[in-house]
Amino acid sequence: MTDREIIDLFAARSERAIEETSLKYGKYLYTISFNILRDARDAEECVNDTLSRLWDAIPKSEPEALRPFLGRIARNVALNRYERETAAKRGGGETATPIDELSECVSGEETDEIARMMIRDLLREFVASLPGEKKIIFLARYWYAYPISEIAKKTGKNENTVKTILSRTRTELGKLLKREGLY
């Protein structure tokens, strides 16, 4: 079933929309959730929560592309769950590492809505400008929260090379944000 057909099912409030989305994107949503939470049951619950949020979201706003729209919802659901579950024990999990790594160049404490929007737009442009494999490594780590060992395996690089690429990319991003007066 095409994404357009799935979106039309949501717009028509057909419960079949959930089934079709789950069939087409269930593994994708599970992977995003599992990479953040590292727990199969929690990841499955996040998939269900993502589908529920999608049910609520689509009549109000129709996504241009379903896959990234779903990915963003799944990522936010999983990160919210992770934050809730680790609030008392900060810093001990693998997932905190990617977030902590990015804090070198993006504080996350910016309260000005305009500045947050500018950072978001600049980050999109920055990622879009990255060459192929560098972009893949950056997104695998900071969007999908893959462990460095798994990124190394998938790209055929050793872990130290992946760490170096990530470090240099964060440095580039930090310089860009400083140049733009956003960090």
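The values are calculated or read from the model by the stated rules, or taken from the named source; none is laboratory data. Here the structure is a predicted model, which is why all the values come from computation and not from measurement. Here the Cβ is made from the backbone with ideal geometry for all residues, glycine too, and neighbour counts use every protein chain on show.
Restricted to region 49-80, and to residues that are without any contact (Cβ under 8 Å) to a residue 24 or more places away in the chain and among the hydrophobic types (A, V, I, L, M, F, W, C), which residue is surrounded by the fewest Cβ atoms within 10 Å (Cβ to Cβ)?
ALA57
Report yes if THR111 is at pLDDT below 85, farther than 28 Å from LYS27 by Cα and surrounded by fewer than 17 Cβ atoms within 10 Å (Cβ to Cβ), otherwise no.
Against the criterion (at pLDDT below 85, farther than 28 Å from LYS27 by Cα and surrounded by fewer than 17 Cβ atoms within 10 Å (Cβ to Cβ)), THR111 qualifies.
List, please: which pairs have Cβ atoms under 7 Å, are six or more places apart or on different chains, and start with a residue in region 144-172 that is acidic (Asp, Glu) and end with one that is in a helix (DSSP H, G or I)?
GLU159/ILE148; GLU159/SER149; GLU159/ALA152
State the number of residues belonging to region 10-40 that are of a type in the set (Lys, Arg) and at pLDDT 95 or above.
At the first step, the residues of region 10-40 found to be of a type in the set (Lys, Arg) are 13, 16, 24, 27, 38.
If we keep only those that are at pLDDT 95 or above as well, we get 16, 24, 27.
Of the residues in region 10-40, 3 are of a type in the set (Lys, Arg) and at pLDDT 95 or above.
Looking at region 120-138, which of the residues that are within 16 Å of the chain's Cα centre (by Cα) and surrounded by 14 or more Cβ atoms within 10 Å (Cβ to Cβ) is modelled with the lowest pLDDT?
The qualifying residue modelled with the lowest pLDDT is LEU123.
From the residues in region 128-171 that are of a type in the set (Val, Ile, Thr) and in contact with a helix residue (DSSP H, G or I) (Cβ under 6 Å, 6 or more places away or on another chain), which one is nearest to PHE69 (Cα to Cα)?
Within region 128-171, the first condition is being of a type in the set (Val, Ile, Thr), and the residues that meet it are 136-137, 148, 151, 155, 161-162, 164-165, 169, 171.
Next cut, in contact with a helix residue (DSSP H, G or I) (Cβ under 6 Å, 6 or more places away or on another chain) only: 137, 148, 151, 162, 165, 169.
Working: ILE137: 21, ILE148: 25, ILE151: 23, VAL162: 27, ILE165: 27, THR169: 25 Å.
Restricting to residues being of a type in the set (Val, Ile, Thr) and in contact with a helix residue (DSSP H, G or I) (Cβ under 6 Å, 6 or more places away or on another chain), the top hit is ILE137.
Taking the condition surrounded by 18 or more Cβ atoms within 10 Å (Cβ to Cβ) and either more than 21 Å from ARG72 (Cα to Cα) or of a type in the set (A, V, I, L, M, F, W, C) (or both), does LEU176 pass?
Judged against the criteria, LEU176 is not a match.
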